[in-house]
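No value in this document is a laboratory result; all are computed from the given coordinates. Note that the coordinates shown come from a computational prediction; the quantities given were computed from them, not determined experimentally. Methodologically, a virtual Cβ is constructed for each residue, glycine included, from the backbone with ideal geometry; neighbour enumeration extends over all protein chains shown.
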Amino acid sequence: NLASDLSYGQQKLLDFGMALMPEPEIVLLDEPMAGLNPTIIRSLVEHIHELNARGYTFFVIEHNMEVVMSLCRRIVVLSQGEKIAEGAPSEIHANPRVMDAYFGT
């Protein structure tokens, strides 16, 4: 099959696989979960965890906070181009500036 015959989610998984082919030191993922269904998101998160355990480093730009919290050991949060927080997931989750910027609390 041609890549164009694949579903959107399958195409994103193919893109992910292609990014890993040259065995890069750092993999940049820009909104990797955008437009994916929950099943594919869970699968991709599992693959990223497995690859990280094998030594791959990932730099992830993502708006899905559940994914960010599960994938990242260190998080930098931007709001309107300004860094408003940096730290471990537990620190970010407890940060009032982050909660206000992203959840309107």
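Descriptive notes on the structure:
- First in segment 63-86 and surrounded by 14 or more Cβ atoms within 10 Å (Cβ to Cβ), second anywhere and among the hydroxyl-bearing types (Ser, Thr, Tyr), Cβ under 7 Å, 6 or more apart: Met65/Tyr102
- Residues in segment 71-105 that are out of contact with any helix residue (DSSP H, G or I) (no Cβ under 6 Å at 6 or more places or on another chain) and small (Gly, Ala, Ser): Gly81, Gly87, Ala88, Ser90, Ala94, Ala101, Gly104.
- Residues located in segment 44-57, provided they are within 21 Å of Ser7 (Cα to Cα) and in contact with a helix residue (DSSP H, G or I) (Cβ under 8 Å, 6 or more places away or on another chain): Leu44, Val45, His47, Ile48
- Exactly one residue out of Ser43, Ser4 is surrounded by 12 or more Cβ atoms within 10 Å (Cβ to Cβ) and among the hydroxyl-bearing types (Ser, Thr, Tyr): that is Ser43.
- Checking each residue in segment 62-102 for being among the polar types (S, T, N, Q) and closer than 20 Å to Val27 by Cβ picks out Asn64, Ser70.
- Residue within segment 54-70 that is touching an Asp or Glu at 6+ places or on another chain (Cβ under 7 Å), aliphatic (A, V, I, L, M) and more than 21 Å from Gln11 (Cβ to Cβ) present: yes
- Positions within segment 85-99 being of a type outside the set (Lys, Arg) and either in a helix (DSSP H, G or I) or in contact with a Gly (Cβ under 6 Å, 6 or more places away or on another chain) (or both), in sequence order: Pro89, Ser90, Glu91, Ile92, His93, Ala94, Pro96, Val98, Met99
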